[in-house]
Amino acid sequence: VGQFLPWKRPLTTVLSGGGAHDVYATVKVQEAPLQGGSSFSPFINVTLSRLEGNTQNMWVAIAVSDGQRLTLENLDARSQVDNPVRIEGKGGAFEGVIGNAFILDHLYNDIGHAQVTTIPGTNTNYSTMLLYRTSFDKGIEEGIVVVQEANGGISNEPSSAVMVKVLLTPEPGVASGPL
């Protein structure tokens with residue numbers, strides 16, 4: 001979590017699955033509230049899957065969803081995406097800015113990014129095109145699509161994030177609309 005969100009005091013709770021014979025699990029990761037501070041603390045839900053669906057293999061994070069209002073609605077975990085990829089969802093926009101979106105390669109390197117904008121509002125729709133350049137040009141590469149919600153005009157640090165593990169197509173396609 002520390003690599004993607006600036007949380008200093010994360011707590012985890014298993015919401016479902018996670019047993020020795022389970023292939024999937026959902027874990028809630030929440031930043032613990034400060035002593036004497038607000039009782040609200042942000043959280044995300046992490047979906048885990050056993051590698052290759054084998055219960056003897058290790059757990060792999062395949063998706064992260066926001067517990068409150070940020071969504072990434074048009075991409076499914078482990079789906080293949082074209083280049084550029086359109087991301088769509090909902091989020092809170094401060095002065096028209098929801099936050100930032102990234103495409104990360106299998107080593108978590110930023111290989112494409114864009115600002116996510118929309119009309120100001122609490123829960124508004126967004127649609128953003130992301131162009132990326134894969135680090136592996138011999139075929140499909142595993143990657144992650146990340147959308148981070150900014151801290152509502154307080155700072156540029158992300159307050160929440162959604163992530164989906166995907167397969168990246170190496171060749172750029174034809175983009176329609178602004179990039």
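The values are calculated or read from the model by the stated rules, or taken from the named source; none is laboratory data. Please read all numbers here as calculations on a predicted model, not as lab measurements. Positions of Cβ are backbone-derived with ideal geometry, glycine not excepted, and every protein chain shown enters the neighbour counts. Each accessible area value is taken on the protein alone, full model and side chains, heavy atoms only, with ligands, DNA and RNA left out. Shrake-Rupley method; radii C 1.70, N 1.55, O 1.52, S 1.80 Å.
Taking the range 114-126 as the region of interest, how many residues are open to solvent by less than 60 Å² (accessible area, probe 1.4 Å) and of a type in the set (S, T, N, Q)?
Narrowing the range 114-126 to residues open to solvent by less than 60 Å² (accessible area, probe 1.4 Å): 114, 116, 118, 121, 124, 126.
Now drop any that are not of a type in the set (S, T, N, Q), which leaves 118, 124.
Number satisfying all stated conditions: 2.
Being at pLDDT below 80 and among the acidic types (Asp, Glu) narrows it down to one of Glu73, Glu31, so name that one.
Working: Glu73 fails: at pLDDT below 80.
Result of the check over Glu73, Glu31: Glu31.
So which residues in the range 137-153 are loosely packed, with under 15 Cβ neighbours inside 10 Å and either in contact with an Asp or Glu (Cβ under 7 Å, 6 or more places away or on another chain) or not charged (D, E, K, R) (or both)?
Result: Gly139, Ile140, Gly152, Gly153.
Looking at the range 78-95 only, could you name the residues that are small (Gly, Ala, Ser) and either in contact with a Leu (Cβ under 7 Å, 6 or more places away or on another chain) or loosely packed, with under 14 Cβ neighbours inside 10 Å (or both)? If you could, list the steps in order and put the result at the bottom.
Applying the first criterion (small (Gly, Ala, Ser)) to the range 78-95 yields 79, 89, 91-93.
Selection gives Ser79, Gly89, Gly91.
Quick check on Val146: is it β-branched (Val, Ile, Thr) and either at pLDDT below 90 or touching a His at 6+ places or on another chain (Cβ under 8 Å) (or both)?
Values: β-branched (Val, Ile, Thr): yes; either at pLDDT below 90 or touching a His at 6+ places or on another chain (Cβ under 8 Å) (or both): no.
Spelling it out, it is not the case that Val146 is β-branched (Val, Ile, Thr) and either at pLDDT below 90 or touching a His at 6+ places or on another chain (Cβ under 8 Å) (or both).
Restricting to the range 42-59, and then to whatever is open to solvent by 30 Å² or more (accessible area, probe 1.4 Å) and within 15 Å of the chain's Cα centre (by Cα), can you tell me which residue is farthest from Gly19 (Cα to Cα)?
Checked the range 42-59; the qualifying residue farthest from Gly19 (Cα to Cα) is Phe43.
Do any residues in the range 73-87 that are in contact (Cβ under 8 Å) with a residue 60 or more places away in the chain have Cβ atoms under 6 Å from those of residues that are part of a strand (DSSP E or B) and not β-branched (Val, Ile, Thr), where the two are at least six apart or on different chains, and which pairs are they?
Ala77/Ala63; Ala77/Lys165; Gln80/Leu167; Asn83/Pro172; Pro84/Met129; Pro84/Leu130; Val85/Leu130; Ile87/Ala101
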